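Okay, so here's the structure we're looking at.
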Amino acid sequence: MSQASEHSTALTAADINNPFYYQENFITVIKWVTEFHARLLLKAELELIDRFLTLPQQPQALLIRLLLRKGPLFRVAKLSYPEIDSITASICALETDGWLTTEALLGLENLANLFTKAELAVLLDEDTAHNYSLAKHNKATFIAALSKQSGQFAAPEQVVSLGHHALFQRLRLMFFGTLRQDFSAFVTTELGHTRYEQVKLTTDTCAFQCRSDVDTYLYLDELSQNPEQACAADMLAALKSQAAQSTSLWLTRKRSRLLFDLGVKSAREQQFLVSNEAFEHSTHPAARLRLARSLERQGALENAFELACADPLNLDEEVGFERLKVRVGKKISQNYTTVVKAFSPPSFQLTLAPHDNSVEWAALEALQRLDDTSSYHYCENKLFCALFGLTFWPAIFAPIQGAFFHPFQRQPNDLYDADFYSRRREIIEQQFELLTQDPLRLLQRWDEKIGLSNPFVDWRSIDRALITLALSCINTTQLIAIFRRMLSSLYNLRRGFPDLIAFNPTASTFQLIEVKSPTDKLQDHQRAWLQFFAEQKIKASVCHILYSG
């Protein structure tokens with residue numbers, strides 16, 4: 001166990017009726033991330049955070065308001081918050097301590113982002129202004145005209161910029177584990193409105209094991225900021241060089257995503273030497289299929305066919321490789337034909353009168369009228385996902401290294417990674433054993449966890465009675481088979497379940513029904529589930545809707 005103390009979700013959100021609630025929530029987050037990641041922060045950074053935390057309430061509130069907005073530049077005249085008595089006084093206090101700076105000169109890009117077309121028009125030279133009309137010309141035209149005058153302009157009114165931006169960016173990254181998420185929605189909405197599972201976090205479970213991990217992420221993020229302007233070959237070389245500098249699984253995933261994005265961009269621009277190598281070095285789930293399709297596009301048909309013959313790593317690869325082999329095989333005289341004929345699931349027709357409901361609800365009502373021995377429910381993916389989430393709750397919220405960055409996460413960071421199962425094998429197998437021994441144990445977990453955020457459980461759509469009914473009618477062996485298939489590719493297989501489920505409590509049986517309107521066809525992932533159900537002797541069929549009149 002690390003020497004760092006354990007941290008859990010035992011943090012309280014501010015009262016939403018407090019006009020400074022966002023300030024309290026922001027301070028809660030900053031204190032937590034500073035305490036938990038203190039070893040990753042420099043002495044100067046910790047001192048700066050202490051200065052921030054001791055700011056007077058009103059200047060601090062204004063600074064937080066600006067940190068929660070898109071910046072880093074702000075027009076002072078546009079700032080108005082009812083809980084802050086004097087914007088001017090707060091700005092003066094923040095400028096004195098270096099948290100804000102008044103910008104006397106603005107570059108054209110910043111000027112264009114801050115001011116309207118009419119406001120930009122007054123900056124034109126007298127000799128130029130008469131050539132442009134607000135009614136006839138758009139903002140881009142005025143910006144182009146201003147670009148011929150100067151590179152910088154005196155700010156038409158007071159504009160302030162945030163200081164110490166790099167520190168708050170670092171804190172945001174260490175808290176969320178990504179820079180794609182910001183504090184705004186989290187501090188003002190999510191914190192206090194959502195109840196989270198308590199996950200014990202220590203330095204041992206933290207994704208950031210050293211400061212260089214944070215530095216590496218910031219570097220990778222900088223590489224990805226302007227992909228259209230970056231040299232693809234240079235970016236590829238930089239990403240490859242980073243591979244040897246960290247053993248962090250989390251950083252490996254980040255790097256693989258960037259390599260995949262680079263491969264997609266380079267292939268689109270026909271920079272195939274770069275795209276091929278980027279895909280080859282990426283472990284992104286779609287990288288191999290993209291590479292195979294790119295090789296086909298390049299005319300490297302033998303290479304594409306050879307790659308498609310590899311064992312598929314996920315459902316998308318299985319379907320995509322199969323189609324590519326059929327398509328490319330014909331061109332290289334392999335005469336490859338799919339070994340398994342496309343599965344045709346059992347089906348029946350149901351005639352409906354015109355209705356205002358969705359086709360699924362209309363079908364459910366009609367089938368319920370025809371069958372008084374069963375109880376029909378429109379669940380689609382929600383029921384089996386809820387059963388999955390309840391069964392594997394301990395695995396989903398296990399304190400695995402790099403899975404959780406902060407105490408307010410709805411799901412682990414690696415939930416949809418290929419190694420989700422392997423990293424939690426022991427816990428998952430324990431839950432399978434418990435499910436076999438006593439399926440109704442899930443009802444106890446329901447009672448214990450009701451309302452807590454879980455990526456698989458939609459508490460608004462599923463109730464305890466439906467869970468009870470499902471557990472009494474679904475054979476445990478069949479349920480385990482369904483869960484094992486889901487675990488093989490959670491991202492893909494958490495969806496695709498039939499629309500309706502019908503329970504017969506007397507016979508302790510159930511059946512699944514996929515509803516299709518006259519213009520709707522089965523998708524690949526739906527067909528794959530129906531084939532799986534047939535193999536498992538689970539009754540499942542397709543209901544084709546016809547309309548009378």
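Only one residue in Ala403, Ala470 is in contact with an Asp or Glu (Cβ under 9 Å, 6 or more places away or on another chain) and either in contact (Cβ under 8 Å) with a residue 12 or more places away in the chain or assigned to a loop (DSSP other than H, G, I, E, B) (or both), so which one is that?
Testing whether each residue is in contact with an Asp or Glu (Cβ under 9 Å, 6 or more places away or on another chain) and either in contact (Cβ under 8 Å) with a residue 12 or more places away in the chain or assigned to a loop (DSSP other than H, G, I, E, B) (or both) leaves just Ala403.
Residue-by-condition table, conditions (1) at pLDDT below 95; (2) of a type outside the set (Phe, Trp, Tyr); (3) more than 18 Å from Phe405 (Cβ to Cβ); (4) not assigned by TED's automatic domain parsing to the domain that holds Leu162:
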| site | (1), (2), (3), (4) |
| --- | --- |
| Ser8 | yes, yes, no, yes |
| Thr12 | yes, yes, yes, yes |
| Lys31 | yes, yes, no, no |
| His37 | yes, yes, no, no |
| Leu46 | no, yes, yes, no |
| Ile84 | no, yes, yes, no |
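Got a sec? Which of Phe533, Phe510 is farther than 30 Å from Ala418 by Cα, modelled with pLDDT of 95 or more and crowded, with 20+ Cβ neighbours inside 10 Å?
Phe510
For the stretch 514-523, give me each residue that is more than 16 Å from Asn357 (Cα to Cα) and either among the basic types (Lys, Arg) or surrounded by fewer than 16 Cβ atoms within 10 Å (Cβ to Cβ) (or both).
Within the stretch 514-523, Thr519, Asp520, Lys521, Gln523 qualify.
Against the condition touching a strand residue (DSSP E or B) at 6+ places or on another chain (Cβ under 9 Å) and either charged (D, E, K, R) or modelled with pLDDT under 85 (or both), how does Gly151 come out, does it pass?
Yes: the conditions hold for Gly151.
Name every residue in the stretch 107-160 that is charged (D, E, K, R), exposed (fewer than 12 other Cβ atoms within 10 Å of the Cβ) and assigned to a helix (DSSP H, G or I), in order of residue number.
Glu109, Glu126, Asp127
Please specify each residue of the stretch 161-204 satisfying the condition of being out of contact with any Ser or Thr (no Cβ under 6 Å at 6 or more places or on another chain), under 17 Å from Arg410 (Cβ atoms) and assigned to a loop (DSSP other than H, G, I, E, B).
If the condition is that a residue be out of contact with any Ser or Thr (no Cβ under 6 Å at 6 or more places or on another chain), under 17 Å from Arg410 (Cβ atoms) and assigned to a loop (DSSP other than H, G, I, E, B), then Gly177, Thr178, Arg180, Gln181, Asp182, Gly192, His193, Glu197, Val199 are the ones that fit.
Of all the helices (runs of 4 or more DSSP H) wholly in the stretch 297-400, which have at least 2 residues that are farther than 23 Å from Ile482 by Cα and in contact with a strand residue (DSSP E or B) (Cβ under 6 Å, 6 or more places away or on another chain)?
Where helices (runs of 4 or more DSSP H) fall fully within the stretch 297-400 and carry at least 2 residues being farther than 23 Å from Ile482 by Cα and in contact with a strand residue (DSSP E or B) (Cβ under 6 Å, 6 or more places away or on another chain), they are 359-370.
Going through the stretch 58-106 one residue at a time, which ones are among the β-branched types (Val, Ile, Thr) and outside any loop (DSSP other than H, G, I, E, B)?
Correct list: Ile64, Val76, Ile87, Thr88, Ile91, Thr96, Thr101, Thr102.
Among the residues that make up the stretch 250-269, is at least one of them farther than 26 Å from Leu173 by Cα, not in a helix (DSSP H, G or I) and not small (Gly, Ala, Ser)?
yes
Scan the stretch 388-395 and give yes if some residue there is surrounded by 13 or more Cβ atoms within 10 Å (Cβ to Cβ), touching an Asp or Glu at 6+ places or on another chain (Cβ under 6 Å) and assigned by TED's automatic domain parsing to the domain that holds Asp499, otherwise no.
No; the residues of the stretch 388-395 include none that is surrounded by 13 or more Cβ atoms within 10 Å (Cβ to Cβ), touching an Asp or Glu at 6+ places or on another chain (Cβ under 6 Å) and assigned by TED's automatic domain parsing to the domain that holds Asp499.
The values are calculated or read from the model by the stated rules, or taken from the named source; none is laboratory data. Everything numeric here is computed off the predicted structure, so don't read it as measured data. Positions of Cβ are backbone-derived with ideal geometry, glycine not excepted, and every protein chain shown enters the neighbour counts.
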